Amino acid sequence: MPAYKRILLKLSGEALMGDDAYGINRATIVRMVQEVREITSLGCEVAVVIGGGNIFRGVAGGSVGMDRATADYMGMLATVMNALALADTMRQEGMTARVMSAISIDQVVEPYVRPKALQYLEEGKVVVFAAGTGNPFFTTDTAAALRGAEVGAEVVLKATKVDGVYTADPKKDPHATRYSSITFDEAIAKNLQVMDATAFALCRDQRLPIRVFSIVKPGALKRLVMGEDEGTLVHV
C-alpha cells in the first residue's frame, strides 16, 4: 500500500533536458513518465506541476532588459509546451493525462478548473498543471504549493538533481550530510533553499509537507511513495 493517496509532483523544466543543453531529452522524459506510471499503478493519485526552464532559459539571452511580467508570461508558455510533451508521452505509455492551464489557451489545453481537476484525480487520471499560477512574479514552486493545497495533496514532492536537502552544497563540501527530515522553522533558521520563500511559506501555513528527492535516481519516486526513507522530508 502506498503511504500517500494523492501527491503533487513538482518537476523542473531542467529535469527534462537530461544531458542536453536545452529542450526535451526523449529518453529522460520517457524514464520519468515510466516512474510516474509505476506509482499510479499502485493506486496513488498524481498531479504534476512542470517548470519551463529547459525552453525559456534557452531563449533567455533575449529576455535581458525585457519587462519582467512579459518574461514571466513567456516562461508560462514554455511550461505549456512541457506539459503537452509530458501528457503525450504518458499517452504513449498507456496512461491517461489531462493538461490544465492557468492561462487560457482553449484550442490547445483546457483551463484550470478546480472541481474538474479533482474529478480527474479521483478517476485515476494524471493532471498536469501548466502555466504556473497564471500570474507573473510567481514561480512554478509557488504554483506547486498552491495547486497542492487546492487539490488536497498529502505532500509536495520536489524533484531535483540532488537526493535531498544537505547541510551544505554536497558538490562543494565533501562533509555535507543529508537531512532525513527537518522542520520548516529549522530550514528557515538555517537558510536552506528548499523552495522559494512564497512557496515555502504557503506550504508551512497549509501544513503541507514537502519532500525533496532526486529524479535522477532510479526508483526513488516509488520508494518515497511507499514510505521509505528517501530524500528529505520538510514538515511542520
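Here are a few things to note about the model shown:
- Qualifying residue in segment 182-203 (condition: modelled with pLDDT of 95 or more, within 14 Å of the chain's Cα centre (by Cα), aliphatic (A, V, I, L, M) and not in a loop (DSSP other than H, G, I, E, B)): yes
- Just one of the listed residues (Thr140, Thr160) is in contact (Cβ under 8 Å) with a residue 24 or more places away in the chain, under 30 Å from Ala27 (Cβ atoms), surrounded by fewer than 21 Cβ atoms within 10 Å (Cβ to Cβ) and under 16 Å from the mean Cα position of the chain (by Cα), and it is Thr160.
- Taking every residue in segment 43-59 that is farther than 10 Å from Glu14 by Cα and pairing it with any residue that is modelled with pLDDT under 95 and in a strand (DSSP E or B), at least 6 positions away or on another chain, yields no pair with a Cβ-Cβ distance below 9 Å.
- Segment 204-236: number of residues that are within 19 Å of Gly148 (Cα to Cα), part of a helix (DSSP H, G or I), touching a residue at least 12 places away in the same chain (Cβ under 8 Å) and out of contact with any helix residue (DSSP H, G or I) (no Cβ under 6 Å at 6 or more places or on another chain): 1
- Cross-chain or 6+ apart pairs with Cβ under 8 Å, segment 69-95 first and of a type in the set (D, E, K, R), then in a helix (DSSP H, G or I): Glu93/Val30; Glu93/Val33; Glu93/Gln34; Glu93/Arg37
- Among the conditions (1) on the phi > 0 side of the Ramachandran plot; (2) surrounded by 14 or more Cβ atoms within 10 Å (Cβ to Cβ), Gly94 misses just one, which is (2).
- Screening Ala71 on (1) out of contact with any helix residue (DSSP H, G or I) (no Cβ under 7 Å at 6 or more places or on another chain); (2) modelled with pLDDT under 95; (3) farther than 17 Å from Asp196 by Cα shows it passes everything except condition (1).
The values are calculated or read from the model by the stated rules, or taken from the named source; none is laboratory data. Since this is a predicted model, take the numbers as computed values, not measurements. Heads up, the Cβs are rebuilt from the backbone with ideal geometry, glycines too, and the neighbour counts pull from every protein chain shown.
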